[in-house]
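Data first, discussion second: the structure below is written as structure tokens.
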Amino acid sequence: MSEHDERRLPSLDSPPERDDGRPPDSGWPIPDVPREPPPPAPPFSWPIHPETPAPKKSESPGLHEFHHPLDRVTRKLPRRLRIAVDWIVTIVGAVAIVLAIKAWVINPYRIPSSSMEPTLHCARPAPGCEARFSDRVLANRFIFHFRDPQRGDVVVFETPPQAKAKCGAGGTFVKRIIGLPGETLRVRLQRGAAFVYVNGRRLEEPYIEHDRRDIGPEKTYQVPQDAYFVMGDNRSQSCDSRVWGAVPGENLIGKVFLTYWPPQRISFR
């Protein structure tokens, strides 16, 4: 055997090579059993603070290192029952948040009639409606806590009792504010169409198409204090304050700020 071949032979004193790719005598421990990942954290959980001592494995094997507000109440319950309680609390909390948002922040509404055409569409085959689907809008319910309603605002409100008696319908309406508290409004006919004058000055209303103006009669209205005179943009098809009077300020629900359905009608106001 040559000297070159002797160099290639492994030494009997050297440690055997390993098949796992690690260097000899690396000192890396080989786990006998693969470690299973901890179970998912329950809802409303957060990591334990670093200063909090970790639970001992002997006392609580498989325990996830998360803390839950209901732990003190449900810690003695079986694991499946604790998970069920977690989900019930999550669902109830989500429903409560949605109801709170609808009651105090924003609320959706559907346009049922043609009184606001073409600004807001209703669905055919209802009389005067132009669209296949009714517009659905969102109303800001808290804005009037920070500012007074303004002329031109499209608002959602609860109708006075006279509306149901004179229009055959009541409840929640969507109209546009035309007259503010204490103002004098007069409807005048010009070339067969009715125009609104506020305190003697003609009101510019670019949102009304000429063929949707009504034809009278001429009449003067005095808006009470703390009330608002509302009218539909489709004047000839709108039963509004001209018929049943002004809306008390406390009846205003909110200002329409978004049309969210159908998709092609999405727009801010």
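Just so it is clear, none of the values below were taken in a lab; they were calculated from the coordinates. Predicted model, so just to flag it, every value in this text is computed and none were measured. Cβ coordinates were reconstructed from backbone atoms using ideal geometry, including for glycine residues, and neighbour counts include every protein chain displayed.
Assorted remarks:
- Neighbourhood net charge (15 Å Cβ-Cβ; Lys/Arg +1, Asp/Glu -1) for Ala131: +1
- For Glu183, the residues 5 or more places off, or on other chains, whose built amide H falls under 5 Å of its own are Val223.
- Where only C-alpha atoms are counted, convex hull volume of region 94-215 per residue in Å³: 151
- Within the shell defined by Cβ-Cβ distances under 12 Å, the residues around Asp211 carry a net charge of 0, with Lys and Arg each +1 and Asp and Glu each -1.
- Karplus-derived 3J(HN,Hα), 6.51/-1.76/1.60, for each residue of region 146-156, Hz, glycine and proline x: 10, 8, 7, x, 10, 4, x, 5, 8, 10, 9
- Protection proxy ranking, peptides 221-231, 201-211, average beta carbon neighbours within 10 Å, highest first: 221-231, 201-211
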